[in-house]
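Report on one structure; see the data block that follows.
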Amino acid sequence: MPLPYPRSGRSTPPRARFPGVRHSRVVPEPPRRRPVVATTTVVGTALLGASLAARPGSRAFTALTLATAATWTAGGLASGPVPRGRAVAAPVATGAGVFAAFYGAALVARRIPFLDRALTSVLRHADAGSGPLVLATTLANGAAEEIFFRGAVYAAAPRRPAVVSTAVYVASTVATRNPALVLASAVMGTLFALQRRATGGVQAPLLTHLTWSALMLRFLPRLFRR
């Protein structure tokens with residue numbers, strides 16, 4: 001029969017204390033995290049679907065795209081703390097490498113009718129609008145998605161956050177009704193979630209997302225011009 005420890009009356013030893021060793025402390029998630037994430041997901045998904053349904057280059061497209069970015073950002077920040085992380089060079093290099101893979105895949109996709117139509121449809125938005133404005137809205141949405149999906153959604157998931165955040169990301173992209181975007185969201189969402197898990201923050205996936213998006217916007221449209 002185990003004997004109680006002095007002054008405690010417990011039969012189990014108190015946690016050992018060692019000089020210079022910091023014991024981890026579980027910080028509970030803010031109670032608002034999940035309700036804010038759920039509401040933001042619904043609103044942001046609706047805006048995303050509406051933006052891709054708008055006429056390319058129109059004021060409605062620009063307004064809806066900016067509203068989508070604002071929704072993801074506001075929801076992500078309002079839900080609670082979003083960890084940053086520190087990685088810089090590796091995420092940028094990863095973004096460039098992933099772009100190269102996607103460029104090669106696009107060359108193949110041109111030979112597949114339904115993917116060719118899907119890519120031509122979404123890239124029409126890049127050609128129809130003002131170059132600097134399209135770039136700005138694209139990068140704004142890329143950063144906003146990381147703040148929300150790899151920030152707030154990831155933090156709100158009690159188990160398997162990488163899987164949950166990717167699933168929510170793909171489900172939101174389904175609203176665009178574009179198979180090419182849905183496929184890309186599954187691939188990139190998985191990569192971004194793994195980066196979030198490996199680095200402990202959103203900076204790595206954010207930098208990869210921005211690098212990849214900028215290169216895709218710069219070089220991919222010319223492959224699908226008719």
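Filtering the range 127-138 for residues that are under 22 Å from Gln203 (Cβ atoms) and surrounded by fewer than 16 Cβ atoms within 10 Å (Cβ to Cβ) leaves a non-empty set. Selection of the range 35-57 for residues being surrounded by 18 or more Cβ atoms within 10 Å (Cβ to Cβ) and over 18 Å from Ala140 (Cα atoms) yields Val36, Val37.
Restricting attention to the range 175-226, the residues being at pLDDT below 95 and touching an Asp or Glu at 6+ places or on another chain (Cβ under 8 Å) number 3.
Taken over the range 70-86, the residue count meeting the criterion of being more than 14 Å from the chain's Cα centre (by Cα) and outside any helix (DSSP H, G or I) is 5.
Screening Val170, Val202 for residues that are surrounded by fewer than 21 Cβ atoms within 10 Å (Cβ to Cβ) and either of a type outside the set (Gly, Ala, Ser) or under 21 Å from Thr94 (Cβ atoms) (or both) leaves exactly one candidate, Val170.
Scanning the range 55-65 for residues that are farther than 18 Å from Ser213 by Cβ and of a type in the set (A, V, I, L, M, F, W, C) turns up at least one hit. Annotation: of all residues in the range 79-98 being of a type outside the set (Val, Ile, Thr) and buried (at least 16 other Cβ atoms within 10 Å of the Cβ), the one that is nearest to Leu220 (Cα to Cα) is Gly95.
For the range 202-221, the set of residues classified as part of a loop (DSSP other than H, G, I, E, B) and under 18 Å from Ser165 (Cβ atoms) consists of Val202 only.
For beta carbons closer than 9 Å, sequence separation of 6+ or different chains, a first residue in the range 78-96 that is over 12 Å from Glu146 (Cβ atoms) and a second that is part of a helix (DSSP H, G or I) and charged (D, E, K, R), the qualifying pairs are Ser79/Arg33; Ser79/Arg34; Gly80/Arg33. Being more than 18 Å from the chain's Cα centre (by Cα), at pLDDT 50 or above and either farther than 20 Å from Val134 by Cα or not in a loop (DSSP other than H, G, I, E, B) (or both) holds for only one residue in Pro31, Pro13, Pro2, Pro19, and it is Pro31.
Remark: pairs (first residue in the range 190-207, touching a residue at least 12 places away in the same chain (Cβ under 8 Å); second residue of a type in the set (Phe, Trp, Tyr); Cβ separation under 7 Å; 6+ apart in sequence or on different chains) = Ala193/Tyr154; Arg196/Tyr154; Pro205/Phe192.
The values are calculated or read from the model by the stated rules, or taken from the named source; none is laboratory data. Please read these numbers as outputs of a predicted model, since none were measured by experiment. Cβ coordinates were reconstructed from backbone atoms using ideal geometry, including for glycine residues, and neighbour counts include every protein chain displayed.
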